[in-house]
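Data first, discussion second: the structure below is written as structure tokens.
The values are calculated or read from the model by the stated rules, or taken from the named source; none is laboratory data. What you are looking at is a predicted structure, and each value in this text was computed from that prediction instead of being measured. Methodologically, a virtual Cβ is constructed for each residue, glycine included, from the backbone with ideal geometry; neighbour enumeration extends over all protein chains shown. Calculation scope for accessible area: heavy atoms of the full protein, side chains included, ligands and nucleic acids excluded. Shrake-Rupley method; radii C 1.70, N 1.55, O 1.52, S 1.80 Å.
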Amino acid sequence: KIVQEICKKYDVLLMMDEVVCGFARTGTMFGYEHYGIVPDMVTMAKGMASSYMPISATVVTQEIFDMFVDDPSKPLAYFRDISTYGGCAGGCAAALENIRIIEEENLCENSAKVGAYFIARLNELLDLPIVGDVRGNGLFAGIEIVEDKASKTPMSDAVLGQIMANIANEGVLAGKTNRSFPNQNNVIAFAPALIATKDDIDRIVSAVRIGLENSCKK
């Protein structure tokens, strides 16, 4: 909210990147909705068609859109851009059907409800000496793995790689920060399916605990 206030004060446009957070992932249709702000532009992709087809979009306010519109009396007065694959009707059809399912099956609500349970279960892992932090919204969460809680020194890539292998051995696939920052690739990332149930969450957290505990023993 503070950033939005600064942008409005100095007439700066606020753009939100919702490529990962959009379409029910955080328990609302878009992540920015958690913070009571109204962006001028929003980029989106991935969840737009749940990866069934490649598609992305940039949505802007009517005011910004109108700035690019020429004389309405001209035949090409609308906003024009160049997009190599912009004419792919398949991607658009997949996105429309995907959004219909999200709305019809109340997947935002499921993401929020099951997501709250997910975060609560992940917080139980804070009893382990190498879990420094748990954070997230909806069905989008991360666990920060550290050498010790006091210093919060990031766990090494080698150890985190072994932890990921341990979790995979339990039948659960998770993600992790990968060469994002030197010596700070220590976050395990989770994005369960929007239709996930509490039983699914229990299986995920159980696998993670086993993976972490096995690493603590070494």
Q. How many of the residues making up the range 91-100 are open to solvent by 60 Å² or more (accessible area, probe 1.4 Å) and in contact with a helix residue (DSSP H, G or I) (Cβ under 9 Å, 6 or more places away or on another chain)?
A. 0
Q. How many residues does the range 184-218 hold that are within 20 Å of Asn137 (Cα to Cα), assigned to a helix (DSSP H, G or I) and among the β-branched types (Val, Ile, Thr)?
A. 4
Q.
Which condition from (1) under 17 Å from the mean Cα position of the chain (by Cα); (2) surrounded by fewer than 17 Cβ atoms within 10 Å (Cβ to Cβ) is the one that Val134 breaks?
A. (2)
Q. Among the candidates Tyr52, Tyr85, which residue alone is open to solvent by 90 Å² or more (accessible area, probe 1.4 Å) and either at pLDDT 75 or above or among the basic types (Lys, Arg) (or both)?
A. Tyr52
Q | Residue count, the range 55-82 (criterion: modelled with pLDDT of 90 or more, assigned to a loop (DSSP other than H, G, I, E, B) and over 20 Å from the mean Cα position of the chain (by Cα)) | A | 1
Q. Among (1) surrounded by 17 or more Cβ atoms within 10 Å (Cβ to Cβ); (2) more than 27 Å from Glu33 (Cα to Cα); (3) in contact with a strand residue (DSSP E or B) (Cβ under 9 Å, 6 or more places away or on another chain), where does Asp148 come up short?
A. (1)
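With the structure loaded, tell me whether Phe140 is closer than 27 Å to Ser50 by Cβ, touching a strand residue (DSSP E or B) at 6+ places or on another chain (Cβ under 6 Å) and of a type in the set (Phe, Trp, Tyr) or whether it fails that test.
Judged against the criteria, Phe140 is not a match.
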Q. Looking only at residues in the range 105-131 that are among the polar types (S, T, N, Q) and either within 22 Å of Asn185 (Cα to Cα) or free of Cβ contacts under 8 Å to residues at least 60 places away in the same chain (or both), which one is surrounded by the most Cβ atoms within 10 Å (Cβ to Cβ)?
A. Asn123
Q.
Return the residues of the range 42-90 that are in contact with a helix residue (DSSP H, G or I) (Cβ under 6 Å, 6 or more places away or on another chain) and at positive phi; say none if nothing qualifies.
A. Ser50
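Would you say Thr26 is outside any helix (DSSP H, G or I) and open to solvent by less than 20 Å² (accessible area, probe 1.4 Å)? Give the steps one after another, and end with the answer.
On the way: outside any helix (DSSP H, G or I): yes; open to solvent by less than 20 Å² (accessible area, probe 1.4 Å): yes.
Considered against the rule, which asks whether it is outside any helix (DSSP H, G or I) and open to solvent by less than 20 Å² (accessible area, probe 1.4 Å), Thr26 comes out as yes.
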(Q) Could you list, ordered by first residue, the pairs with Cβ atoms under 8 Å in which the first is in the range 10-27 and touching a residue at least 24 places away in the same chain (Cβ under 8 Å) and of a type in the set (Phe, Trp, Tyr) and the second is part of a strand (DSSP E or B) and open to solvent by 10 Å² or more (accessible area, probe 1.4 Å), at least 6 apart or interchain? (A) Phe23/Met44
(Q) Taking the conditions exactly as written (touching a helix residue (DSSP H, G or I) at 6+ places or on another chain (Cβ under 8 Å), farther than 29 Å from Tyr52 by Cα and at pLDDT 95 or above), does Ile130 satisfy them or not? (A) yes
Q) When residues of the range 168-185 are filtered for being at pLDDT below 95, under 20 Å from Leu128 (Cβ atoms) and among the polar types (S, T, N, Q), how many remain? A) 3
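In the range 190-215, what residues are closer than 20 Å to Leu128 by Cα and either modelled with pLDDT under 95 or open to solvent by less than 40 Å² (accessible area, probe 1.4 Å) (or both)?
The initial filter retains those residues of the range 190-215 that are closer than 20 Å to Leu128 by Cα, namely 190, 201-215.
Listed by number, the residues that qualify are Phe190, Ile201, Ile204, Val205, Ala207, Val208, Gly211, Leu212, Glu213, Asn214, Ser215.
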